[in-house]
1. As an exercise, use a Förster radius of 25 Å and the Cβ-Cβ distance of Arg63 and Val84 to find the FRET efficiency, rounded to the nearest 0.05.
2. Which whole-number percentage describes the relative contact order of segment 64-165, with Cα contacts under 8 Å and a sequence gap of 6 or more?
3. Computed FRET efficiency, Cβ-Cβ of Asn267 and Ala211, R0 45 Å: what is it to the nearest 0.05?
4. Expressed as a rounded percentage, what relative contact order does segment 540-602 have, with Cα pairs under 8 Å and six or more residues apart?
5. Could you list, in their original order, any pairs among Lys515/Lys619; Lys136/Lys636; Lys515/Lys548 whose Cα atoms are separated by more than 32 Å?
6. Please compute the length gained on full extension between Leu277 and Ala108, using 0.36 nm multiplied by the number of residues separating them and subtracting their Cα-Cα distance.
7. Extending each Cα 7 Å along its Cβ direction at Glu194 and Lys619, get the distance between those two points in nm, one decimal.
8. Mind ordering 607-613, 595-601 by average Cβ neighbours within 10 Å, highest first?
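Only the coordinates and a few stated rules stand behind these numbers; no lab work does. Note that the structure is a prediction, hence the values are computed from the model and not measured. Here the Cβ positions follow ideal geometry from the backbone for every residue, glycine too, while neighbour counts run over all protein chains shown.
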Amino acid sequence: MSPPENPVSPLAAPVSSDEAGLRQPVSTVWGVGEERAKLLARLRIFTVEDLLLHKPRRYEDRRKFLTIRDLKPGAPATVRGTIVAAGTKRFKQGTRSMFECVFEDGTARLHGRWWQAQPWMEDWFTVGREFLIFGKLDDVKKPRTFTHPETELVEPGDDEFVHVNRIVPIHPLTEGLTARVMRTLMWRALERFEKEIAEPAIGLDLKRFPARANAVRMVHFPNELTDVEIARQRLALDEIVALQFQIQSRRKKFEASAKALPCAGDNRLMKPFLAQLGFKLTAAQANVLKEIRTDLGGAHPMRRLLQGDVGSGKTAVAACSALMALENGFNVALMAPTEILAEQHFRNFTKWFEPLGVQVELQTGSRKSGAEGGLKLEDGKRVRPSILHPPSSIFVGTHALFTAGFELPKLGLVIIDEQHKFGVTQRETLVRKGNYPHLLVMTATPIPRTLGLTLYGDLDVSVIDEMPGGRGAIKTFVRTTEKLPKVFDFIREKISGGRQAYIVYPRVEVVDTDKDIKAVTKEFENVQKALSPFKVGLLHGRIKAADKEKTMTEFRLNEIQALVATSLIEVGVDVPNATVMLIENAEHFGLAQLHQLRGRIGRGAHESFCILISDAQHKEAQARLKILEETNDGFKIAEADLKLRGPGELLGQQQSGLPDLKFGNLAEDLNLIRQARELVAQLI
């Protein structure tokens, strides 16, 4: 593995000459030769600075060990014992084996067991050697046993003050690198380079925090466990300040170089549009539109994030925003992450805009602007995109919009729906097709405040915090598999009453490694039998685009009463008559994703029901599903999902452009993020 190109320092400004020593290769540290440097490279440790910022994953208080006799079942603990017996047990059937050794500390004996014994174990765990053993006591009385414990050889006189009689760090490791070796290297690096750890060029208020050099030592070798969080916060603040400096500098540079296109509109299209819309905008929608109109008429191009829970009316706001730009003679691009969502937007905008004389065009992977045939609507009318784009057109599409061969003339506004489904570079590629067009990004996945201040820190934020009236309530229930027959009886009852249902599974096909997770291709026939004689449709990502379109059209027209699908339907499906959502293996979906799926129902006036099927025994999985039972508030759900799964899982590490923070915690450090934003804003 080679070092990353242009590695970003956690410091917010260029490194001083005094700190250049930290940029030396990690081989500068005594004890790191060529082979050990290769092992450290697996952990992305290439420089002395990388080593010093290698955060411990946990700590052990080795000032006072538990005795083996005092161990409690299920409670993690470290004991110190000498091996009195060791050996490998091989089983007759198959190749399975177990290595076992017995430790003694004068109070009792402890068995350490490792399944699939390795050849090196008999040479390492020899009688008479003393070890530190960390693990959990198995829930059995005799013999006392740790299964797969962590161990560390005690070598009296060899830097014992680093490894025992203190709080010691346990760092992330790789094969061939022990905790003891990593700790020794960290100690040596601090002894030599601690004086070269300088403060960031951006000044920090250190009344609450230790100096940076002291924080680095504290995070690795704390005097008390309370020191760890103090040091972490100091190092996290450095990272977040650097990130905010980057975000706010980019915004400042953008505003200095980019002149806004005049797109505030004159209401000549807006007034007839609102008159024909059939419903009145909510106060929240109206307030957001005021903010957008101000941006579109401002000195700098709009860069705005629109957050709104599922069904809050973001599409209507997007339509009004598009009309403002269209009124000024500019074209608009609306990008969606899936063809299903793009086609739904195309239908809506065609219905809304064609009476106003505005051309609406579709550009997806399977349908290009100007292609023969176009798209067939429910009423049988076929819409054929024009070959010659007239002025004031709106182009609706997927990633096909930013392909090199597709041009967008006189682009005034770019709207991106479900922003978290796209990579940051994809967003920038589409924006670069014009001359600094205005940008509106929308998401129905509520973004926790910490993420909003970092991931979207260079965008202004609008929130639709009010739901349209006339919507039926959604009730959510968590049930086990044994309740499925009753659930399908309930679905049949609702379909008999004229309603429709979604049945969602986590996979397209069954995977041999985990046959307990259900798949749409296998369950489709079972659902057909369970709901007979009602018609059941099938939808997943591997079906041809034309077949997907046919299935969705039939479902919208209630020619299909139940739709068996994957999470493909989490965005872009709007069928007000669908009032039941059944999700099997619900524990395999994220909270935000389950909330999005649930948002496919409750879009009409009828009461709706979301039923989550799960046999998960894990407490965390049960807690996640319980949250959905208790609330329909997307922001509360997003905050919970962030704490449970982390930002990379919530939004997708590659797609979201999340920063790689070693010490900062985007789920917990809201106060640090606010402090960093204020500090950088004052300086910039």
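1. Values: r = 26 Å, r/R0 = 1.03.
Once rounded, the FRET efficiency stands at 0.45.
2. Details: 213 pairs, mean separation 28.9, N = 102.
Across segment 64-165, relative contact order equals 28 percent.
3. Numbers: r = 59 Å, r/R0 = 1.31.
Using R0 = 45 Å, I get an efficiency of 0.15.
4. Details: 41 pairs, mean separation 21.7, N = 63.
The value is 34 percent.
5. Details: Lys515/Lys619 22 Å; Lys136/Lys636 34 Å; Lys515/Lys548 27 Å.
Among Lys515/Lys619; Lys136/Lys636; Lys515/Lys548, the Cα-Cα distance tops 32 Å for Lys136/Lys636.
6. Working: separation 169, 0.36 × 169 = 60.84 nm, distance 7.90 nm.
So the chain would gain 52.9 nm between Leu277 and Ala108.
7. Between Glu194 and Lys619, the label points sit 3.8 nm apart.
8. Values: 607-613: 22.9, 595-601: 24.9.
Averaged packing, sorted descending, gives the order 595-601, 607-613.
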